[in-house]
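Here's the structure, in structure tokens; my notes come after.
Since every read-out is calculated from the coordinates, none of them should be taken as a lab result. Note that this is a predicted model, so its numbers are computed, not measured. Neighbour counts are summed over all protein chains in view; Cβ atoms, including those assigned to glycine, are modelled from backbone coordinates with ideal geometry.
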Amino acid sequence: VEAAKRVVRLYDSTIPSGNGYKVRLLLSQLRQPFERVLLDILKGETRTPEYLKKNPNGKIPLVELEDGTFLSESNAILVYLAEGTPYWPDRRLDRARCLQWMFFEQYSHEPNIATSRFWYYAGQSAGRETVLAEKHVAGNKALGVMEQQLSATSFFVGERYSIADISLYAYTHVAHEGRFDLAPYTAIRAWLARVAAQPGHVTMT
Ligand SMILES: N[C@@H](CCC(=O)N[C@@H](CS)C(=O)NCC(=O)O)C(=O)O
């Protein structure tokens, strides 16, 4: 496996971001030091011409590698960093299963749970009652799918902690901030505790 170029800088957000946290958590578990640059997304600091040169999509997280390369999209960064480590499985099918859960996270989980949390967090929920109600239905559906998997296995893929767990942990463990009630999801709550007990774990704030 080609060695990963070292991450020298992580562009992250002043408002605690689950997507930024995914990268910080894995870097911590890999014991890799890095510089953290905090941007205020509410002030449009990811939309300046200078930042858009680094990431044309205008979002954090973004990592800068030692050779000056930039890589965006939290889950892509996780895959890059995890290759050749215990957090990315050896078996071909298990690697595809990690991606299966990470695409699920981006399409069914994050747009509902993270977005609801952001609107409450940033005081932008007023006037969004209808869309918030829709996001709660869809978010609970995603939590139901996770609950079903975690009732059968201790981690998402291959009974072993991987970047699929990191990806889904980031916004699930703060789902209450988006007014999701995790009380009925007993398997999810047990898994949250298992993830938080992993070596090198750091909290989001
Ligand atoms: N799919 C992206 C989502 C990144 C994202 O939504 N970033 C938000 C903060 S969590 C952001 O930078 N928003 C600022 C903006 O869009 O201007 C990922 O997984 O990295």
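Run the numbers on the chain and let me know its relative contact order in percent, using alpha-carbon pairs under 8 Å that are six or more apart.
24 percent
Do any of Lys59/Lys135; Lys5/Lys135; Lys5/Lys141; Lys54/Lys135; Lys22/Lys54 go past 26 Å between their Cα atoms, and which?
Correct reply: Lys5/Lys135; Lys5/Lys141; Lys54/Lys135.
Step through the residues of the stretch 103-109 one at a time and calculate ³J(HN,Hα) from phi using the Karplus curve (6.51 cos²θ - 1.76 cosθ + 1.60, θ = phi - 60°), rounding each to whole Hz and writing x for Gly and Pro.
Per residue, the Karplus-derived 3J(HN,Hα) values read 6, 4, 4, 6, 9, 10, 9 Hz.
For the chain, divide the Cα radius of gyration by the Kirkwood radius and give the resulting Rg/Rh value with two decimals.
Rg/Rh: 0.96.
Take every DSSP beta bridge whose two residues both sit in the chain, then give the antiparallel share in percent to the nearest 5. Could the numbers behind the result be given before it?
Working: 8 of 13 bridges.
Within the chain, antiparallel bridges account for around 60 percent of the total.
Based on the Cβ-Cβ distance of Ala138 and Arg9, what FRET efficiency does E = 1/(1 + (r/R0)^6) give at R0 = 30 Å, to the nearest 0.05? All intermediate terms of the calculation are to be shown ahead of the outcome.
Working: r = 34 Å, r/R0 = 1.14.
Here the calculated transfer efficiency is 0.30.
About the Cα centre of the chain, what is the dipole size in debye to 20, counting +1 per Lys and Arg Cβ and -1 per Asp and Glu Cβ, all else neutral?
Dipole about the Cα centre, nearest 20: 60 debye.
Once both labels are modelled 7 Å past Cα along the beta-carbon direction, what's the Arg189-Phe70 spacing in nm?
4.3 nm
Please identify, among Ser17, Ser72, Ser125, the residue showing maximal mean-square fluctuation in a Gaussian network model of the chain using a 10 angstrom Cα cutoff.
Its mean-square fluctuation being the largest, the pick is Ser125.
Could I have the simple spin-label model distance between Arg160 and Val131, label points 7 Å from Cα toward Cβ, reported in nm to one decimal?
Each label point lies 7 Å from its Cα, and together they span 4.1 nm.
Select from the stretch 150-196 those trypsin sites (Lys or Arg not before Pro) which occupy a DSSP coil region and have at most 16 other Cβ atoms within 10 Å, ordered by residue number.
Arg179
Given Cα positions, please report Rg to Rh for the stretch 10-79, the hydrodynamic radius being the Kirkwood one.
With Rh from the inverse mean 1/r over Cα pairs, Rg/Rh is 0.94.
If I model a spin label at Tyr121 and Thr205 as a point 7 Å from the Cα along the Cα→Cβ vector, what separation in nanometres do I get?
Using points 7 Å along Cα→Cβ, the separation is 1.0 nm.
Hey, what's the Kirkwood Rh for the stretch 1-123 if you take every pair of different alpha carbons, in angstrom?
Details: mean 1/r = 0.0650 Å⁻¹.
15.4 Å is the Kirkwood radius here.
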